[in-house]
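Each remark here refers to the structure printed beneath this line.
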Amino acid sequence: MICVSLTKEIENQLNKSRKKNKTIGLVPTMGSLHMGHLSLIERAFKKNDIVWVSIFVNPIQFDNSSDLKNYPKNLKNDISKIEHLSEKVRIFNPTVKEMYKDGVSINYYDFEPLDTIMEGKFRKNHFNGVATIVFKLLKLFNPNDVYFGEKDFQQVLIIKKLIDIERFELNLIISETIREENGLAYSSRNNHLTNSDRKKACIIYESLIFIKNNFKKKPLNILRTKVMSSIEKIKNFKVQYLEVLDNNSLRPYNIENDNSLHRAFICVVVNDIRLIDNILLN
């Protein structure tokens, strides 16, 4: 399997591919790959001639140094998960110095209100950090398609806005959330959960389903109260946010705009581990 760590080598590889009119798919990740990532990669190689999977833990999107320090890293394990998928797949695994040759710095964008709520509220400068590294990757690879998962839907909207701002000509492909058997959305953070908490965390998706099934039947405040009460009855489970927002603008739900698409978003903290999820309601 081709595994590259230098941007110069990436440029050489891409030039060879483009001379042969090969289409390029890009799957940005921070490693610790799981079934959600693998589904993105599979979708990418079914459509594109060449698929690059970037594995890079981006330091500037972490507002908590211990979170960055404890983020799982195992390149050998990641390679073993994808090397058998397709000969089309390659890995880009740069160092921080390689990605930030002029020093680690952050680009600031006007994403408001997308970046001021939910994850943006609780993780300072998180989305500008994400946008900075995604900009670098898109500029480097100039892919035909870039792939992200629906689980991080707020991030998806940020990336969509970034693509518009920077005028990239590419397709943003969004894939549905992949779940464990109990409904818990796959996440690299799940591995930090105890077996007991991992089983109990099924209540997150169950709560979203409950909201979806009752969205048009009961007042939103009643649904929110019931869900938060049910989740927080479990020891060490705390709801950090639970929102119902417009699917495109992330504006708060307004009954006068009842015909618009809306999505429920939730973050539950389990023993300091943040688990996020969402569901389209209508």
- Message: Among the residues of segment 159-171, what is the count of those that are surrounded by fewer than 17 Cβ atoms within 10 Å (Cβ to Cβ) and either in a helix (DSSP H, G or I) or not assigned by TED's automatic domain parsing to the domain that holds Arg43 (or both)?
- Response: 4
- Quick one: how many residues across segment 78-112 are touching a residue at least 24 places away in the same chain (Cβ under 8 Å) and surrounded by 12 or more Cβ atoms within 10 Å (Cβ to Cβ)? 22
- Task: Would you please name the residue that is surrounded by the fewest Cβ atoms within 10 Å (Cβ to Cβ), looking only at residues in segment 122-136 that are of a type in the set (D, E, K, R) and modelled with pLDDT under 95?
- Result: Lys124
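Quick check on Pro59: is it surrounded by fewer than 18 Cβ atoms within 10 Å (Cβ to Cβ), within 24 Å of Arg189 (Cα to Cα) and in contact with a helix residue (DSSP H, G or I) (Cβ under 7 Å, 6 or more places away or on another chain)? Write out each step before concluding.
Details: surrounded by fewer than 18 Cβ atoms within 10 Å (Cβ to Cβ): yes; within 24 Å of Arg189 (Cα to Cα): yes; in contact with a helix residue (DSSP H, G or I) (Cβ under 7 Å, 6 or more places away or on another chain): yes.
Yes, satisfied.
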- With the first residue restricted to segment 212-232 and required to be part of a loop (DSSP other than H, G, I, E, B), and the second required to be at pLDDT 95 or above and not acidic (Asp, Glu), Cβ contacts under 8 Å at 6 or more apart or on different chains are Phe215/Leu223; Phe215/Val244; Phe215/His262; Phe215/Ala264; Phe215/Leu281
- Query: Would you say Asn48 is within 25 Å of Leu162 (Cα to Cα), touching a residue at least 60 places away in the same chain (Cβ under 8 Å) and either in contact with a Ser or Thr (Cβ under 6 Å, 6 or more places away or on another chain) or basic (Lys, Arg) (or both)?
  - Reply: yes
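The values are calculated or read from the model by the stated rules, or taken from the named source; none is laboratory data. A quick note: this is a predicted structure, and the numbers were derived from the prediction, not measured. No Cβ is skipped: glycine too gets one built from the backbone with ideal geometry, and neighbour counts run over all protein chains shown.
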